[in-house]
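The block underneath contains the structure these notes are about, expressed in structure tokens.
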Amino acid sequence: MVLEQRHKVRKTFGNANDRTGVPATILSADRTIYNFSSLVLALPSIASRFLRGLEDCDHLVLEVGARNPGQIPKQLEAFTPDIAVVTSVGPAHLSTLGSIEGIAEEKGAIVSKLSPAGFAVLCADNPIVAQMAARHRGRSYTYGFSAGSTVWATEPVFDINGLTTTIHDETGSRELTFPNLSNRYHLYAVMAAWCVGLINNIPPSEMAKTVTRYSPVKGRGSSFIGARQSLIVDDAYNANPLSMEASLAAFDSLAGERRRLLVLGDMLELGPEAPLWHELTGKRAAEVGNILIAVGQHARHYANGFNSLPEGRSGKIFQCNSANEAMKIIDSILEDGDAVLIKGSHGSNLYRLARSMGSGH
């Protein structure tokens, strides 16, 4: 959004954190082209769009992701970044990348590929990401909720109308209200974009008008009023332990005095430590929710965590196998004015539950 106010931009659409996203965006091609025969048939169209796109593109904004070791370095053979933005390193894709250290090494490759004239944009609140500055010979910009960052934000104030925070940079401070945001975590994207804008000499006053229109991808924490005047928070797009913590914290602020129902699906691709991560998340959920509806193969691990706090702190627990079963449970227990958080990995299919409760309109 920030760059598009003054420049022609080609960017990755949707969620493309796998090996197909970069070439598809560079070529302006359909990401459904996966085999050689379909690629050959599509080449004339791809070439035409590619050449036409080069004439109309000042900036190429790419999401570079990986599920397996070596995928990011392989993608970097196709281009050299001028700006590398690293958002987080945490327990995601552990089943394929092996460890937090393996994830850090994979993501850090994009910082190492920068030339000395390039810029690293790093999340200061994630210590592993912040340390990647040592992998770059040029200038690094940092962002987060601490005053020592290049761009930093105050802790937001939440209500049903969105969130309000103050963004600070070297030019000054600006209080901004984001009507489409309900999650503190969304501000990391805002601050990262602000850093990119500063690097490209976009005036902060102009960025302030632009970023407040930011709306996350459907299922990334959007909220709406559903049946029985319940507050529904749809964060069912995907999940890992870090995003679970962020979602629970935002829901805690947003739900206020309402009774809280937590519908939590499996966090996938966490490897052998998956039961532990689900139990730890269940413990955190017990600090936030009154009722837990745990969905999937790790439902009992969520339940174990949720039920482990001192007597009197734990709430009602339901365990089920599918989103359809969870919907039946909600239908039977939902009361006027409840708050409902829906969160899980895409493979848990809780996005279907969110749609059925009205988020798809």
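The values are calculated or read from the model by the stated rules, or taken from the named source; none is laboratory data. Just so you know, these numbers come straight off a predicted model, no measurement behind them. Using ideal geometry, Cβ is built from the backbone for each residue, glycine included, and neighbour counts are taken over all protein chains shown. The area values use the complete protein model at the heavy-atom level, side chains included, leaving out ligands, DNA and RNA. Shrake-Rupley method; radii C 1.70, N 1.55, O 1.52, S 1.80 Å.
General remarks:
- Across the stretch 333-361, the qualifying residues are those that are modelled with pLDDT of 95 or more and surrounded by fewer than 20 Cβ atoms within 10 Å (Cβ to Cβ), and the one among them that is farthest from Q229 (Cα to Cα) is I333.
- Filtered by the rule that a residue be under 24 Å from N126 (Cα atoms), over 12 Å from the mean Cα position of the chain (by Cα) and among the aromatic types (F, W, Y), the stretch 217-276 gives a lone residue, F251.
- Every listed requirement among (1) closer than 21 Å to V217 by Cβ; (2) surrounded by fewer than 16 Cβ atoms within 10 Å (Cβ to Cβ); (3) at pLDDT 95 or above is met by G172 save one, (1).
- When the stretch 80-98 is filtered for residues that are outside any loop (DSSP other than H, G, I, E, B) and at pLDDT 90 or above, the ones remaining, listed by number, are I83, A84, V85, V86.
- First in the stretch 318-332 and open to solvent by 90 Å² or more (accessible area, probe 1.4 Å), second anywhere and among the β-branched types (V, I, T), Cβ under 9 Å, 6 or more apart: Q319/I293; Q319/V295; N321/V295
- Selection status of D235, touching a Lys or Arg at 6+ places or on another chain (Cβ under 9 Å) and closer than 20 Å to V190 by Cα: yes
- Among the candidates E101, E63, E77, E105, residue that is open to solvent by 70 Å² or more (accessible area, probe 1.4 Å) and either modelled with pLDDT under 90 or assigned to a loop (DSSP other than H, G, I, E, B) (or both): E77
- Single residue of S223, S182, S215 found to be open to solvent by less than 60 Å² (accessible area, probe 1.4 Å), of a type in the set (G, A, S), closer than 22 Å to N240 by Cα and assigned to a loop (DSSP other than H, G, I, E, B): S182
- Residues that are touching a residue at least 24 places away in the same chain (Cβ under 8 Å) and assigned to a strand (DSSP E or B), drawn from the stretch 145-162: V151, W152, A153, F158, D159
- Of the criteria (1) more than 20 Å from V9 (Cα to Cα); (2) touching a residue at least 12 places away in the same chain (Cβ under 8 Å), which one V64 fails: (1)
- Scanning the stretch 164-179 for residues that are in a strand (DSSP E or B) and either under 18 Å from S243 (Cα atoms) or among the acidic types (D, E) (or both) yields a count of 2.
- Residue match in the stretch 279-290 (condition: under 17 Å from R228 (Cα atoms), modelled with pLDDT of 95 or more, in contact with a Ser or Thr (Cβ under 9 Å, 6 or more places away or on another chain) and open to solvent by 30 Å² or more (accessible area, probe 1.4 Å)): no
- Apart from one condition, N183 fits all of (1) under 29 Å from L254 (Cβ atoms); (2) at pLDDT 95 or above; (3) of a type outside the set (F, W, Y); the exception is (2).
- Within the stretch 108-127, the only residue that satisfies the criterion of being assigned to a loop (DSSP other than H, G, I, E, B), within 19 Å of the chain's Cα centre (by Cα) and crowded, with 21+ Cβ neighbours inside 10 Å is A124.
- Evaluated against (1) touching a residue at least 60 places away in the same chain (Cβ under 8 Å); (2) of a type in the set (S, T, N, Q); (3) at negative phi, Q229 falls short on exactly one condition, (3).
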